[in-house]
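As structure tokens, the structure follows; a few thoughts come after it.
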Amino acid sequence: MNPEAKYVYVARNPWDCCVSAYHQAKDVSVYLFEDGTFDDFFECFLEGDFGCGDYFEHVVGGYSLKNEPNVFFVTYEELKTNTRNTIVKLARFIGDRYGNMLENDGKDGQKLLDIIIERSAPESMRNILALNLGGQGNVEADESLKKLDISSKVGHGGSKSHSFVRRGEVGGWKEYFSPDQLRRMEATIAKKTHGSDVMSLWCDIREEALRICGESE
């Protein structure tokens, strides 16, 4: 890590992250997974074999850096439940001048904060984080996209437009996991996060998953 750089790490609970990654794999043709099922993808997620590396290795590593002075560590769930305060904290982390713009400028600061909240909502971000798979205006990137002939087959009917933002909610995992899959996820969590208290970030979600699969005490 560059000590002169500032890093923002957003950690999301593994259950929702698994579902989100599943839809990403189905929606973008380069994964060759458009006919895959959640059951298929679940196996890949547990093994860390789906094109983005091992989730647990990544989040344990990120969590270990949370107290570094140049790291802003936050959970996706906190962003959703405490959006306003998190934005102010992030602004202060980026630089005092940005924090002051939101906190010390009276009505102007509150107006600016309201605009940021509105524009960072899922409804707005779906348009902002829409990728043109046909070309980005960068010669090297466009050449790669052309060779791969990537399309968003499921979400956009084979179009060259793909949005990285789907529902942007917390808790959607309950619509996908079977009790047996929740038990296997718990076993994987216990194994791959051993020695770290990273899962303390999601105690409530973990307890709910254990209740659903009948593993709670």
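The values are calculated or read from the model by the stated rules, or taken from the named source; none is laboratory data. As the structure is a prediction and not an experimental result, all values here were calculated from the model. Here the Cβ positions follow ideal geometry from the backbone for every residue, glycine too, while neighbour counts run over all protein chains shown.
The set of residues from the range 191-205 being without any contact (Cβ under 8 Å) to a residue 24 or more places away in the chain and not in a loop (DSSP other than H, G, I, E, B) comprises LYS191, MET199, SER200, CYS203, ASP204.
Scanning the range 65-87 turns up one or more residues that are within 17 Å of LEU201 (Cβ to Cβ), among the charged types (D, E, K, R) and crowded, with 18+ Cβ neighbours inside 10 Å.
Yes/no per residue for (1) modelled with pLDDT of 75 or more; (2) more than 26 Å from LYS6 (Cα to Cα); (3) over 23 Å from the mean Cα position of the chain (by Cα); (4) of a type in the set (Ser, Thr, Tyr):
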residue: ILE87; (1), (2), (3), (4): yes, no, no, no
residue: PHE93; (1), (2), (3), (4): yes, no, no, no
residue: ASN104; (1), (2), (3), (4): yes, no, yes, no
residue: ASP108; (1), (2), (3), (4): yes, yes, yes, no
residue: ARG119; (1), (2), (3), (4): yes, no, no, no
residue: LYS147; (1), (2), (3), (4): no, yes, yes, no
residue: GLY158; (1), (2), (3), (4): no, yes, yes, no
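Can you confirm whether the range 26-45 contains a residue that is within 21 Å of SER200 (Cα to Cα) and out of contact with any Ser or Thr (no Cβ under 7 Å at 6 or more places or on another chain)? Yes, because at least one residue in the range 26-45 is within 21 Å of SER200 (Cα to Cα) and out of contact with any Ser or Thr (no Cβ under 7 Å at 6 or more places or on another chain). In this entry, TYR22 is excluded by the filter for residues that are modelled with pLDDT under 80, of a type outside the set (D, E, K, R) and touching a helix residue (DSSP H, G or I) at 6+ places or on another chain (Cβ under 6 Å).
Of the residues making up the range 194-217, those that are at pLDDT below 95 and more than 18 Å from LYS174 (Cα to Cα) number 1. Any residue at all in the range 88-111 that's of a type in the set (S, T, N, Q), surrounded by 17 or more Cβ atoms within 10 Å (Cβ to Cβ) and either in contact with a helix residue (DSSP H, G or I) (Cβ under 6 Å, 6 or more places away or on another chain) or in a helix (DSSP H, G or I) (or both)? Looking through the range 88-111, none of the residues is of a type in the set (S, T, N, Q), surrounded by 17 or more Cβ atoms within 10 Å (Cβ to Cβ) and either in contact with a helix residue (DSSP H, G or I) (Cβ under 6 Å, 6 or more places away or on another chain) or in a helix (DSSP H, G or I) (or both). Within the range 13-58, the set of residues being under 13 Å from the mean Cα position of the chain (by Cα), surrounded by fewer than 20 Cβ atoms within 10 Å (Cβ to Cβ) and not in a helix (DSSP H, G or I) comprises just one member, CYS52. For GLN136, the conditions (1) surrounded by 15 or more Cβ atoms within 10 Å (Cβ to Cβ); (2) modelled with pLDDT under 60; (3) in a loop (DSSP other than H, G, I, E, B); (4) of a type outside the set (A, V, I, L, M) are fulfilled apart from (1).
Out of all the residues in the range 28-51, which are among the acidic types (Asp, Glu) and touching a Phe, Trp or Tyr at 6+ places or on another chain (Cβ under 9 Å)? ASP40 - this is the single residue of the range 28-51 that is among the acidic types (Asp, Glu) and touching a Phe, Trp or Tyr at 6+ places or on another chain (Cβ under 9 Å).
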